[in-house]
Amino acid sequence: MIHIRQLHKSYHTEALSLHVLKGLNLDIEAGEYVSVTGASGSGKSTLLNILGILDSYDQGEYHLNGSLIKNLSEREAAVYRNEMIGFVFQSFNLINFKNALENVALPLYYKKVSRKKRNIIAMEHLDKMGLKDWAKHLPNELSGGQKQRVAIARAMISNPKVILADEPTGALDSTTTLEVMDVLTNLNREGITTIIVTHEQSVSDATNRIIHLKDGMIEYETRKNNGVHDMIQSVNF
Ligand code: ADP
Ligand code: MG
């Protein structure tokens, strides 16, 4: 599903260049449940944004579902994103003056689906998240966990093949964290390739494979074996 070879990314400001990703190699197969962890500044969000085609890279290759994702125009990037990717953010990124249903339905508005049809589909997704009764509520009337479940419903409404979540539980308490992780785990069980950036161990432990980033390189990986994470390799091959 995701194949990355020798990926490099630098940020350039007037004063300096910062080499953030330094030749990453990474393969993630369809249906995998993966977390990416590492210290603040290690390049986790940079990697996730590249995977989600929200940002470009400088060198190397990124193939998503068989397509080379490189030097795309804004329009081409949007097509791949809409077909393939659901994004979930730490801060939910809900629109404050739209209710839960309207927030979930928004991606279908951009796809020119009729209001009636998009509201029916959005309600199905809210229902799946246990939020049917909250459809008419504005984000500020919802708890953090409810907001994140609305955001996940919005990410799922385009039937993405991959869910990318950047610190999805970073703003939540531990009970709500479990609630949101249950939702993500269930989506993965339905076959969605799920990749979560986190620095919470309870979150990474829930996934089947943990990629440890250090200074823009993969330091090591672990895989779950009988419920326990085992070191599998010390890479950058
Ligand atoms: P993480 O998510 O692991 O905390 P990031 O990928 O967000 O790390 O950032 C990696 C490094 O790149 C950090 O030093 C950060 O300050 C820097 N960085 C991130 N985004 C930008 C940007 N748009 N412009 C300049 N530097 C950035
Ligand atoms: Mg980050």
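Each reported figure results from applying straightforward, stated rules to the coordinates on display, with no laboratory input. Just so it is clear, the structure is predicted and the values come from calculations on it, not from any experiment. Because the Cβ atoms are built from the backbone with ideal geometry, glycine has one as well, and the counts that use them run over all protein chains shown.
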Item to check | In region 74-174, chymotrypsin sites (Phe, Trp or Tyr not before Pro) in a DSSP loop with at most 13 other beta-carbon atoms within 10 Å | outcome: PHE97
Checklist entry - Toward the positive end of the charge dipole of region 71-133, about the Cα centre and with charges on Cβ (Lys, Arg +1; Asp, Glu -1), which of ASN93, TYR80, ASN103 goes farthest? => result ASN103
Checklist entry - Once amide H atoms are built 1.01 Å from N in the peptide plane, which residues 5 or more positions from VAL36, or in another chain, come under 5 Å H to H? => result ILE196, VAL197, THR198, ILE211
Checklist entry - Is there a pair in LYS70/LYS98; LYS116/LYS136; LYS147/LYS214; LYS70/LYS111; LYS112/LYS161 whose C-alpha atoms are over 26 Å apart, and which pairs would that be? => result LYS70/LYS98; LYS147/LYS214
Checklist entry - Say a site is exposed when it is one of the GluC sites (Glu not before Pro), sits in a DSSP loop, and has at most 14 other Cβ atoms within 10 Å; what is then the longest site-free stretch of the chain? => result 30-189
Item to check | Listed residue (ALA151, ILE218, ILE4) projecting farthest to the positive dipole end of the chain, Cβ model | outcome: ALA151
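Expected output is a single nm value to one decimal: the length gained when fully extending between ASP127 and ASP230, i.e. 0.36 nm times separation in residues minus the C-alpha distance. What is it?
Working: separation 103, 0.36 × 103 = 37.08 nm, distance 3.67 nm.
Once the chain is fully extended between ASP127 and ASP230, it gains 33.4 nm.
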Checklist entry - Hey, rough spin-label estimate for LEU54 and ASP27, points 7 angstrom out along Cα→Cβ, what's it come to in nanometres? => result 2.8
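Over the chain, what is the percentage of antiparallel beta bridges among all DSSP beta bridges, to the nearest 5? List each step's numbers first, then the result.
Values: 27 of 45 bridges.
Within the chain, antiparallel bridges account for around 60 percent of the total.
Which loop-located trypsin sites (Lys or Arg not before Pro) does region 128-168 contain, where loop means any DSSP state but H, G, I, E or B and the Cβ has at most 14 other Cβ atoms within 10 Å?
Details: sites: LYS128, LYS132, LYS136, LYS147, ARG149, ARG154, LYS161; in loops: LYS136, LYS161.
Of the trypsin sites (Lys or Arg not before Pro), the ones in loops of region 128-168 whose Cβ has at most 14 other Cβ atoms within 10 Å are LYS136.
ARG189 to LYS70: extension gain in nm, 0.36 nm per residue of separation minus the Cα-Cα distance? Write down the numbers at each step before the final one.
Working: separation 119, 0.36 × 119 = 42.84 nm, distance 3.01 nm.
Once the chain is fully extended between ARG189 and LYS70, it gains 39.8 nm.
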Checklist outcome for this item: Taking a ≥ b ≥ c as the square roots of the eigenvalues of the Cα gyration tensor, with a/c under 1.5 meaning rounded and otherwise prolate when a/b exceeds b/c and oblate if not, region 104-234 is prolate
Item to check | Karplus-derived 3J(HN,Hα), 6.51/-1.76/1.60, for each residue of region 225-232, Hz, glycine and proline x | outcome: 9, 6, x, 10, 7, 10, 4, 10
Item to check | Options HIS229, ASN65, THR13, ranked by Cα towards positive dipole end of the chain, top entry (Cβ charges) | outcome: ASN65
Checklist outcome for this item: In degrees, nearest 10, the alpha-carbon axis of helix 174-189 is tilted away from the dominant principal axis of the alpha carbons of the chain by 80
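Kindly provide the helix-only [θ] at 222 nm of the chain, computed as the sum of -39,500 (n - 2.57) over DSSP H runs of four or more divided by all residues, to the nearest 500 deg cm²/dmol?
Numbers: 7 runs with 79 residues, N = 237.
Computed mean residue ellipticity for the chain: -10000 deg cm²/dmol.
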